[in-house]
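Here the structure comes first, spelled out in structure tokens, and everything after it is commentary.
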There are 2 protein chains.
Amino acid sequence: MAIKRKTSLLKAVNTLTKTTDASDSPVKIALLGFGTVGSSVARVIAESKLPGIELTHIFNRNVERKRASAAAKCVPASVVWTENFDEILNSGAEIVVELMGGLDPAEDWLKKCFAAGKSVVTANKQLIAYRGAALSRLAAKHGVQLVHGAAVAGGVPVIPGILQGLGGDQITRISGIVNGTCNYILSRMETGAEYAAVLADAQRLGYAEANPSADVDGFDARAKLCILSRIALHAELDPDAVATQTISTVEAVDFAYAKELGCTIRQVSRAQMDAKSRLVHARVAPMLVPLTSPLAWSHGTQNMVVTSGKFGGDVVFSGHGAGGEPTAVAVVADILAVAQHSVAVELPVRRREVTGEFMAPHYLRFVVDDKPGIVSGIAGTLAKVGANIDSLLQRPGYPKHKLPFVITTEPCLTSTIEKAVAAMAKMDCMLERPLCLQILTLDDKAE
Amino acid sequence: MAIKRKTSLLKAVNTLTKTTDASDSPVKIALLGFGTVGSSVARVIAESKLPGIELTHIFNRNVERKRASAAAKCVPASVVWTENFDEILNSGAEIVVELMGGLDPAEDWLKKCFAAGKSVVTANKQLIAYRGAALSRLAAKHGVQLVHGAAVAGGVPVIPGILQGLGGDQITRISGIVNGTCNYILSRMETGAEYAAVLADAQRLGYAEANPSADVDGFDARAKLCILSRIALHAELDPDAVATQTISTVEAVDFAYAKELGCTIRQVSRAQMDAKSRLVHARVAPMLVPLTSPLAWSHGTQNMVVTSGKFGGDVVFSGHGAGGEPTAVAVVADILAVAQHSVAVELPVRRREVTGEFMAPHYLRFVVDDKPGIVSGIAGTLAKVGANIDSLLQRPGYPKHKLPFVITTEPCLTSTIEKAVAAMAKMDCMLERPLCLQILTLDDKAE
């Protein structure tokens, strides 16, 4: 009965806490960063008239310029604007919202916030991917919280959905489209456009950076995949150990061949836990996705995450993954969760080794100066590594001296096919390195 | 500074609560009902080895039969089996999981649980749709919690996703496929099968009841729509006031015509808040859904909910909506949330009036004994109510004495088109009442 009484008492205190926070004294919020997301957070707080929270401080470099901007119009006059972080640290703000990005000085500042008894809400995917586990432990040590629901898939509640709604399941696999820039480029290429032209459009529209490497080479998606692995697989991964493959070598012709195979091409981030070895198989790469798979549904800058659970099966989350307002919705949701003490408890996480190996069918696209013996040479190389050919596709209408054609293989290991690709790349007839893409199978369909 | 100190103190207590509950004394759980979902809940708890919770009691009528069943093998020997509810009420269980369904005696028993200081997790959609708001208030009065994440869309974390992840947004519209039986029937009919044959299959497979009315006539979906309206629109609706339309009058020919219009047919549950009048427009009916809309993606018994928020845009949740294990995942997630005191706070809800009116294009399918003047008669009736014809479709190959053909209209009010349908139904040539379906427009696309 001692246990019973204690729990009831604590429950009563907890109820009181929630009631008090929500109705009496609003929880004070400070923003670090008043860019696109920061100003949207201020606007959502102002317009949604959320009970129990109050924006009190905004930090930004060159703060006067920000304060004079149109975006600042929704900010109450009572808010203190500063370019001095110490002023935030010494303020009465109980939740600090970090929207600066990057590791430095964000990491150091978060630690100072924890030590000052402040909880932190952040959308900083690099910081959470590389330092999340350690920072979470540090926050717990100080009795405060670190919440990062906006770090993956912006306005799509994947992280709270998994933590709060799938906590009882054993998730064994996640696959997702978590980089809107790549999805914009690839879904535009689906209609026949070439990579370079679409990338230029994306840059003009502000979807891609002047140096697009972080997006198109998979580093942004890799950070998000590591965060998802921690939440869903309870596995802490080293982001640098996750294999990535650029989308920049995918060409319009690949979409034509993919279509003949009942597929399209998407930048897929996938991770799955091996039940026996506890190794995590993870990869960020352009992959062939069956048109019947939910991963083929997302167009434009949409994000999508599919979790596969032992008991609940496949669950799909989809929506706008980026942009000021969708990301702000996720940030404000996290602020509310901290203010209302309703942040879901994360199950313990363990460091896991990563491998890029998958057993999968593969798509190989060659561009050759056509002459007799090429197919037999390729077939010989594949036979040598033990990979079986499943189909050979050659669309008409291409010049013989620069002929793209495709071979698909039966399921084989990534390392096996890569060995074959390295050998085939050396063949005289090859005008460029063969493109090798994993083909997702119907197992990955949410049905 | 007084506020600051108090909050920090409460935060510390709260942290302590979470830690204590999770590691020291497990929270005791009692199950009411050991059917498909109940036994799956017991299995998920046993197999997922979740920290901090312990199943201690199971109630069921004819409990010895249940106890002897194969499903009971995963239940620890320490669990007390009983067919006496008072034994649950007087037990040390802190969370009661109600899986009996129906209003009586569930409603009365829940009230008794609250009065005894016990929180309740339930998957009972009828109870929550009809009595949810009042029961939530009563639970709060007793300082306990009522959580019902499994009442809508089973294993798809729609309710926690909205509460925890979209709490900062202003959701103005929800549309969903929330009845797996109807979705199974309609997605099977897509491939040419007739309603009666597919319904018989569904009954044989256990997807449909012997009396399928609750599913096919929309009453089950209506209850879920009311729960979603409360969570997402903060609107308490009277379920009986929500307009429903049966799917049983949809025929294979309608899918053929829908396809010509770039659509398929789904039982859609939709509700949207009118910004000015604060009336909620709500309807459960078979509707034409563009093939590009996420609502067209779900096949078989899948569920899907699309929320449209002012800031975050459209968010899609999809997965297995029913079945023992997916539903058990949602129930266990709720148990964990209560045990860890991380249940999201619901924003205040207000009673709202409901109307079945939508401004939408409509699909009208007639079956006539063909003779001259029919189209002009129909056109005249539509002109009289002020509805404009958008297209007229007549597929070849049907007998003239029993000819199905279709007219689509430009957007008009539901009441307007219903007036016209009532008039047209009286025309001599009509062999059956015209079928009238709303056509969802591309606004409802998640892009």
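The values are calculated or read from the model by the stated rules, or taken from the named source; none is laboratory data. Because the structure is predicted, anything quoted here is derived from the model rather than measured. Cβ atoms come from the backbone with ideal geometry, glycine included; neighbour counts cover every protein chain shown.
Among the numbered criteria (1) more than 10 Å from chain B (Cβ to nearest Cβ); (2) touching a strand residue (DSSP E or B) at 6+ places or on another chain (Cβ under 9 Å), which one does A:Gly309 miss?
(1)
Do any residues in the range B:188-202 that are within 13 Å of B:Ile265 (Cβ to Cβ) have Cβ atoms under 6 Å from those of residues that are at pLDDT 95 or above and aromatic (Phe, Trp, Tyr), where the two are at least six apart or on different chains, and which pairs are they?
Cβ pairs passing all conditions: B:Met189/B:Phe255; B:Glu190/B:Phe255.
Exactly one condition in (1) more than 14 Å from every other protein chain (Cβ to nearest Cβ); (2) under 23 Å from B:Leu364 (Cα atoms); (3) of a type outside the set (Val, Ile, Thr) is not met by B:Pro290; state its number.
Only one criterion is unmet by B:Pro290, namely (1).
I'd like the full set of residues that are charged (D, E, K, R), out of contact with any Ser or Thr (no Cβ under 7 Å at 6 or more places or on another chain) and surrounded by 13 or more Cβ atoms within 10 Å (Cβ to Cβ), limited to the range B:89-115.
B:Glu107, B:Lys111, B:Lys112
Which residues, counting only those in the range B:80-119, are of a type in the set (A, V, I, L, M) and either more than 29 Å from B:Gly132 (Cβ to Cβ) or not assigned by TED's automatic domain parsing to the domain that holds B:Lys28 (or both)?
Within the range B:80-119, just B:Val80 meets the criteria.
Given (1) away from chain A (no Cβ under 14 Å); (2) out of contact with any Lys or Arg (no Cβ under 7 Å at 6 or more places or on another chain); (3) surrounded by fewer than 24 Cβ atoms within 10 Å (Cβ to Cβ); (4) closer than 30 Å to A:Val44 by Cα, identify the lone condition not met by B:Ala133.
Going through (1) away from chain A (no Cβ under 14 Å); (2) out of contact with any Lys or Arg (no Cβ under 7 Å at 6 or more places or on another chain); (3) surrounded by fewer than 24 Cβ atoms within 10 Å (Cβ to Cβ); (4) closer than 30 Å to A:Val44 by Cα one by one, B:Ala133 breaks only (2).
Name the residues in the range A:348-379 that are more than 20 Å from the chain's Cα centre (by Cα) and within 14 Å of chain B (Cβ to nearest Cβ), would you?
Result: A:Pro348, single match.
State all residues of the range B:266-292 that are surrounded by fewer than 24 Cβ atoms within 10 Å (Cβ to Cβ), in contact (Cβ under 8 Å) with a residue 40 or more places away in the chain and polar (S, T, N, Q); if no residue qualifies, say none.
Passing the criteria: B:Gln272, B:Thr292.
Please specify each residue of the range A:312-345 satisfying the condition of being charged (D, E, K, R) and more than 8 Å from chain B (Cβ to nearest Cβ).
Of everything in the range A:312-345, just one residue is charged (D, E, K, R) and more than 8 Å from chain B (Cβ to nearest Cβ), namely A:Asp334.
If we keep just the residues of the range B:346-379 that are part of a loop (DSSP other than H, G, I, E, B) and free of Cβ contacts under 8 Å to residues at least 12 places away in the same chain, which is nearest to B:Gly167 (Cα to Cα)? Walk me through how you get there before you give the answer.
Of the range B:346-379, the ones part of a loop (DSSP other than H, G, I, E, B) are B:346-349, B:352-353, B:356-358, B:361, B:369-373.
Now restrict to residues that are free of Cβ contacts under 8 Å to residues at least 12 places away in the same chain: B:372-373.
Working: B:Pro372: 58, B:Gly373: 56 Å.
Out of the qualifying residues, it is B:Gly373.
For residues that are part of a strand (DSSP E or B) and under 16 Å from A:Thr82 (Cβ atoms), scanning just the range A:25-55, find the one that is nearest to the other protein chains (Cβ to nearest Cβ).
A:Lys28
Just to be sure, is A:Ile177 in contact (Cβ under 8 Å) with a residue 40 or more places away in the chain and closer than 23 Å to B:Val338 by Cα?
Judged against the criteria, A:Ile177 is not a match.
For the range A:56-67, which positions are modelled with pLDDT under 95 and within 14 Å of chain B (Cβ to nearest Cβ)?
None; the set is empty.
Within the range A:176-193, track down each residue that is under 18 Å from A:Phe219 (Cβ atoms) and not aliphatic (A, V, I, L, M).
If we filter the range A:176-193 for residues that are under 18 Å from A:Phe219 (Cβ atoms), which is where we start, we get A:176-186.
Result: A:Gly176, A:Asn179, A:Gly180, A:Thr181, A:Cys182, A:Asn183, A:Tyr184.
In contact (Cβ under 8 Å) with a residue 24 or more places away in the chain, more than 24 Å from A:Gly262 (Cα to Cα), among the hydrophobic types (A, V, I, L, M, F, W, C) and surrounded by fewer than 22 Cβ atoms within 10 Å (Cβ to Cβ): is that true of A:Leu336 in this structure?
Values: in contact (Cβ under 8 Å) with a residue 24 or more places away in the chain: yes; more than 24 Å from A:Gly262 (Cα to Cα): yes; among the hydrophobic types (A, V, I, L, M, F, W, C): yes; surrounded by fewer than 22 Cβ atoms within 10 Å (Cβ to Cβ): no.
For A:Leu336, the condition - in contact (Cβ under 8 Å) with a residue 24 or more places away in the chain, more than 24 Å from A:Gly262 (Cα to Cα), among the hydrophobic types (A, V, I, L, M, F, W, C) and surrounded by fewer than 22 Cβ atoms within 10 Å (Cβ to Cβ) - is not met.
At least 2 residues that are without any contact (Cβ under 8 Å) to a residue 40 or more places away in the chain in each: list the strands (runs of 3 or more DSSP E) lying fully within the range B:56-170 that qualify.
Strands (runs of 3 or more DSSP E) meeting the threshold: B:80-82, B:119-122.
Can you name the residue in the range A:311-339 that is in a loop (DSSP other than H, G, I, E, B) and at pLDDT 90 or above and, of all such residues, is nearest to A:Ala208 (Cα to Cα)?
A:Gly312
So if I check each of A:Ile185, A:Ile162, which one is aliphatic (A, V, I, L, M), in contact with a strand residue (DSSP E or B) (Cβ under 9 Å, 6 or more places away or on another chain) and either within 14 Å of chain B (Cβ to nearest Cβ) or within 30 Å of B:Gln340 (Cα to Cα) (or both)?
A:Ile162
Take the residues in the range A:374-401 that are of a type outside the set (D, E, K, R) and over 23 Å from A:Asp254 (Cα atoms), then tell me which one is surrounded by the most Cβ atoms within 10 Å (Cβ to Cβ).
Taking the candidates together, the pick is A:Val385.
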